[in-house]
1. Does B:Lys103 qualify as being of a type in the set (Lys, Arg), surrounded by fewer than 21 Cβ atoms within 10 Å (Cβ to Cβ) and touching a strand residue (DSSP E or B) at 6+ places or on another chain (Cβ under 6 Å)?
2. Give region A:168-195 a look and list any residue that's surrounded by fewer than 20 Cβ atoms within 10 Å (Cβ to Cβ) and under 28 Å from B:Gln58 (Cα atoms), or say none.
3. Being within 14 Å of chain A (Cβ to nearest Cβ), in contact with a strand residue (DSSP E or B) (Cβ under 6 Å, 6 or more places away or on another chain) and either touching a residue at least 60 places away in the same chain (Cβ under 8 Å) or buried (at least 19 other Cβ atoms within 10 Å of the Cβ) (or both) is the requirement here; does B:Ile219 meet it?
4. Please note which strands (runs of 3 or more DSSP E) are completely contained in region A:58-165 and include at least 2 residues that are within 14 Å of another protein chain (Cβ to nearest Cβ) and at pLDDT 95 or above.
5. When residues of region A:192-216 are filtered for being within 14 Å of chain B (Cβ to nearest Cβ) and without any contact (Cβ under 8 Å) to a residue 40 or more places away in the chain, how many remain?
6. Before we move on, is A:Ser225 among the hydroxyl-bearing types (Ser, Thr, Tyr) and either modelled with pLDDT under 90 or within 14 Å of A:Ile170 (Cβ to Cβ) (or both)?
7. Out of the residues in region B:179-214 meeting the condition of being among the β-branched types (Val, Ile, Thr), farther than 17 Å from B:Thr242 by Cα and without any contact (Cβ under 8 Å) to a residue 40 or more places away in the chain, tell me which one is surrounded by the most Cβ atoms within 10 Å (Cβ to Cβ).
8. Out of curiosity, is B:Ile169 surrounded by 21 or more Cβ atoms within 10 Å (Cβ to Cβ), within 17 Å of B:Ala239 (Cβ to Cβ), at pLDDT 95 or above and in contact with a Phe, Trp or Tyr (Cβ under 7 Å, 6 or more places away or on another chain)?
Amino acid sequence: MSRIIVVTSGKGGVGKTTVTANLGMAIARLGRQVALVDADFGLRNLDLLLGLENRVVYTAVDVLAGECRLEQALVKDKRQEGVVLLPAAQSRTKEAVNPDQMKKLLGALTQKYEYILVDCPAGIEMGFQNAIAAAKEALVVTTPEIAAVRDADRVVGLLEAKGIKRIHLIVNRLKPAMVQAEQMMSVQDVQELLAIPLIGVIPDDERVIVSSNRGEPLVLAENVSLPGIAISNIARRLEGEQIPFLDLMAEHDNLLNRIRRLFRN
Amino acid sequence: MTSDSDQQSLVSTVSLSDSAVDCHSQVRLKSEGERLLLILPPEAEMPGAASWSDLWEQLKHRLNAGERFITANSTVHLMAQDRLLDGQKLQAIADALNEVELKLVRVYTSRRQTAVAAATAGYSVEQQPPAYSLNQSPVEPAQSLAEPLYLQITVRSGVEIRHPGTIVILGDLNPGGSVVAQGDIFVWGRLRGVAHAGANGNRNCRIMALQMEPTQLRIADAVARAPETPPAQFYPEVAYVTPDGIRIARAADFSKTNFLLNS
């Protein structure tokens, strides 16, 4: 039984595409067949992050227009077996596709792939409606910022209204030192507001930017990074494994900080 | 500790225009004996009238939030009023009801097209003269409040709940969300959004919450926002109207000072 999971956030720039690319790779490493679908028509980036830009020949719109077969549009990743990308068209806008067409397209992918991750565009307009049309599950990505959390809250409401009941939360770009100093919302604060189960916390790391620019997903890197581990853990939690959350605070919990906190309270 | 010292004076801002807020513009579920009435708001009500997708969202939220109280397999009568519904929309409504084990059997409408669509889909149809829907419109002197609306949900950003009666929310009211009631508002959780009680002008209405951190509180025509510095500790609190504007008191003290003195 294949799972169609939409990765969404409402607000732009919180890391939907980065999460989709890395999570897809991480799931494939567990031996699953994964299709990554870029639903951001007109502003596609997923191919860039995966480093597959120069191998895109056909796009989802070409498939829908009957100009090629679905298999022709899928771009296989040579570094990691089991991952394919269905690119979005760059020349069209989000109105080029409607929800029924998306359903048909993703339905065809379920024949062969066990996981279908849909990278949703920012916003809650047509592009969002298309992206969530066929989804059975959702991963809501947010950063610990008030605007991102507010938009995530709105999106959760919309997903619930569309009958998507399995919704999990990913908190991205957490800065433990700032949380410790009470300058940033903590994961608990975010969770308290959104009231949906947490599936992963990804710490802020400059290596994420480097890997995005190079088109080399973090989880494939030789020397593992903290964000890479966090994303691999999310993949295993999706598979149903019980994995404890990384203790991101430990590093910053030294004596000086403890004394500071003691005085603050 | 006297009750006065507990009263936080909220910062009163402008008072609302005295035109009553319309609470009849949303989907309503009402039980009437064995059957359940699903009442859609009339179509040509105001320029910003609810579109089909708004109605659809409201319906899904209401069904999800009230699931515990729905007796399985009860029958639903759809009061479509002057809404234009085609076969597809009727099917969508029936499917949504099916998910919570409700069965759509009868459609009341004042539109010929809707009646035809409903008959084709196999529901029993009762076509009413359009005048009926006028009687049902908010123009009627709605003195009596509707039965309380009980919802077990988190009212999230962008969601607005309106009801011509008292609203009870088992869950949080998040910032960006709003609740508008003609009666009282109870939030059994954190109130962080906008709450408007007594929306048709009743200043005796109250807003109660386990944790009061509102963006804004409104009772009848009075508006207030919370103090800039949040209290160190939260207690269940009650907001009510005084001649000086909206005030908040701890629930424990409020019941002593108000309910006893008034009785």
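1. Numbers: of a type in the set (Lys, Arg): yes; surrounded by fewer than 21 Cβ atoms within 10 Å (Cβ to Cβ): yes; touching a strand residue (DSSP E or B) at 6+ places or on another chain (Cβ under 6 Å): yes.
Yes, satisfied.
2. Answer for region A:168-195, where residues must be surrounded by fewer than 20 Cβ atoms within 10 Å (Cβ to Cβ) and under 28 Å from B:Gln58 (Cα atoms): A:His168, A:Asp189, A:Gln191, A:Glu192, A:Ala195.
3. Numbers: within 14 Å of chain A (Cβ to nearest Cβ): no; in contact with a strand residue (DSSP E or B) (Cβ under 6 Å, 6 or more places away or on another chain): yes; either touching a residue at least 60 places away in the same chain (Cβ under 8 Å) or buried (at least 19 other Cβ atoms within 10 Å of the Cβ) (or both): yes.
No, not satisfied.
4. By residue number, A:137-142.
5. Here is the first cut: in region A:192-216, the ones within 14 Å of chain B (Cβ to nearest Cβ) are A:192-197.
Retained after the next criterion (residues that are without any contact (Cβ under 8 Å) to a residue 40 or more places away in the chain): A:192, A:195, A:197.
Selection size over region A:192-216: 3.
6. On the way: among the hydroxyl-bearing types (Ser, Thr, Tyr): yes; either modelled with pLDDT under 90 or within 14 Å of A:Ile170 (Cβ to Cβ) (or both): no.
The answer is no for A:Ser225.
7. Narrowing region B:179-214 to residues among the β-branched types (Val, Ile, Thr): B:179-180, B:185, B:187, B:194, B:207.
Now restrict to residues that are farther than 17 Å from B:Thr242 by Cα: B:179-180, B:185, B:187, B:194.
Still in the list and also without any contact (Cβ under 8 Å) to a residue 40 or more places away in the chain: B:179, B:185, B:187, B:194.
Numbers: B:Val179: 26, B:Ile185: 29, B:Val187: 26, B:Val194: 21.
Applying the filter and picking the extreme gives B:Ile185.
8. On the way: surrounded by 21 or more Cβ atoms within 10 Å (Cβ to Cβ): yes; within 17 Å of B:Ala239 (Cβ to Cβ): yes; at pLDDT 95 or above: yes; in contact with a Phe, Trp or Tyr (Cβ under 7 Å, 6 or more places away or on another chain): yes.
For B:Ile169, the condition - surrounded by 21 or more Cβ atoms within 10 Å (Cβ to Cβ), within 17 Å of B:Ala239 (Cβ to Cβ), at pLDDT 95 or above and in contact with a Phe, Trp or Tyr (Cβ under 7 Å, 6 or more places away or on another chain) - is met.
The values are calculated or read from the model by the stated rules, or taken from the named source; none is laboratory data. What you are looking at is a predicted structure, and each value in this text was computed from that prediction instead of being measured. Quick reminder, even Gly has a Cβ in these numbers, built from the backbone with ideal geometry, and neighbours come from all protein chains shown.
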